[in-house]
Amino acid sequence: MERFLVRSKPPTTSAETVESDNPVPPKEKREKTVSRQYHESYLSYGFSWTGDVNIPQPECVLCREKLANSNMVPSKLKRHLETKHPFHAERNLAYFKRARDLNQRQQDRLLDCVKVSEKAMEASYMLAELIAKQKKPHTIAETLILPACKIIAGVMLGPDAANELSKVPASDNTIKRRIDDMSEDIEQHLTEKLQASGRFSLQIDESTDISGAAQLLANVRYVDGDSIKETFFFCKEMASHTTGEEIFKVTDNYLKENNLCWSMCVSLCTDGAACMTGRVRGFIAKVKAQNPQIVTNHCILHREALVAKTMPPELTEVLNQAVQMVNYIKSRPLKSRLFSQLCAEMGADHQSLILHTEVDGCLGGKSYPVFTSFGKSFWNFHVNTLSHIRTGSRMRAGAPGWLTLQTYLGISTS
Ligand SMILES: [Zn+2]
């Protein structure tokens with residue numbers, strides 16, 4: 001029996017036991033370290049083995065019951081056979097061998113059905129990456145992309161190719177998990193690069209999304225080898241207030257989570273809001289308390305947005321009229337439909353307007369280039385429908401100078 005007992009550690013010699021400060025009781029140690037090994041002769045009792053090769057569990061080939069490793073002795077295996085399978089107690093070794101091989105074949109077939117091949121896994125990851133880049137919902141893979149691929153493959157290559165595509169995991173949960181995996185991987189790589197670089201600069205801004213939640217966004221610029229790279233750093237939702245202290249807390253926590261520190265941040269770019277630039281409680285003041293050497297500057301895009309707010313009176317008037325017209329059309333479904341019809345008839349580049357928003361200077365500006373591209377459609381619509389929007393303006397909308405100024409605005413804000 002001794003050869004069936006494998007000890008994970010060699011037995012302690014008497015000299016070592018004397019040297020040890022806390023000798024383990026011999027009985028307890030024996031119970032923890034002994035594992036019984038399987039022998040081919042146990043098959044005559046109807047038992048195969050499963051589990052870890054170091055601690056195998058006896059498994060009955062007739063009922064597939066798994067016993068504890070401590071039962072790996074002929075007497076206990078024989079007792080199982082005689083009590084649970086009395087009709088098979090007199091069977092010979094060949095019978096149990098056939099039963100074991102049959103079990104193995106069934107197990108292999110089942111594994112073949114559920115196993116995801118490496119190629120299918122790779123395809124699943126590439127599909128998830130494509131969906132994430134296109135900003136499409138996770139469900140599109142199983143509701144549209146995979147069925148479409150199966151149809152195309154079925155028609156072009158045959159039904160076997162279509163069946164092969166069924167092996168690609170594409171459920172919404174799988175796609176979400178893949179995107180999360182890739183996101184974590186990208187974040188980890190970026191963190192490693194920042195740690196290796198030792199220096200980086202941050203651009204931080206806070207904005208409100210369409211659901212009303214405050215989002216803190218950060219971009220980072222760092223030295224990567226021989227080049228300077230700029231990439232997205234993080235986006236964190238701010239649960240309550242958007243004060244300088246809260247912004248600092250969220251940013252500081254993120255840096256600490258990724259083993260980065262403020263002494264590595266050499267430059268900081270923000271907007272000119274009070275929560276950022278406040279002398280005592282502002283975000284910059286909090287950062288300077290951590291790193292007095294940091295260089296801070298006011299974002300050039302925000303400066304441009306501020307300049308645009310104090311335009312000459314003529315331009316301001318034209319801009320306000322244009323915004324008024326856009327919002328007038330967009331807020332009335334009938335006017336929107338008539339406007340689209342008119343645009344289609346006159347061959348304009350676009351047929352629907354973008355709602356004007358002042359959330360962000362960069363985003364709000366998108367409506368102007370589109371606005372100017374409508375050409376004559378807008379003037380005709382204005383003359384027929386919107387002529388009441390004059391509000392005592394010095395320059396009447398639609399006049400030659402008005403169009404020039406509007407075009408200038410469209411170019412300057414694009
Ligand atoms: Zn059994």
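Each value in this text was obtained by applying a stated rule to the coordinates, not by laboratory testing. Given the structure is predicted, the values throughout are model-derived calculations rather than measurements. Don't worry about glycine lacking a Cβ; one is built from the backbone with ideal geometry, like all the others, and counts go over all protein chains shown.
Taking the Cβ-Cβ separation of His298 and Ala239 as r and a Förster radius of 25 Å, what is the calculated FRET efficiency to the nearest 0.05?
Computed FRET efficiency for His298 and Ala239 comes out at 0.40.
Please state the shape class of segment 162-211: rounded when a/c is under 1.5, otherwise prolate if a/b exceeds b/c and oblate if not, all from the C-alpha gyration tensor.
oblate
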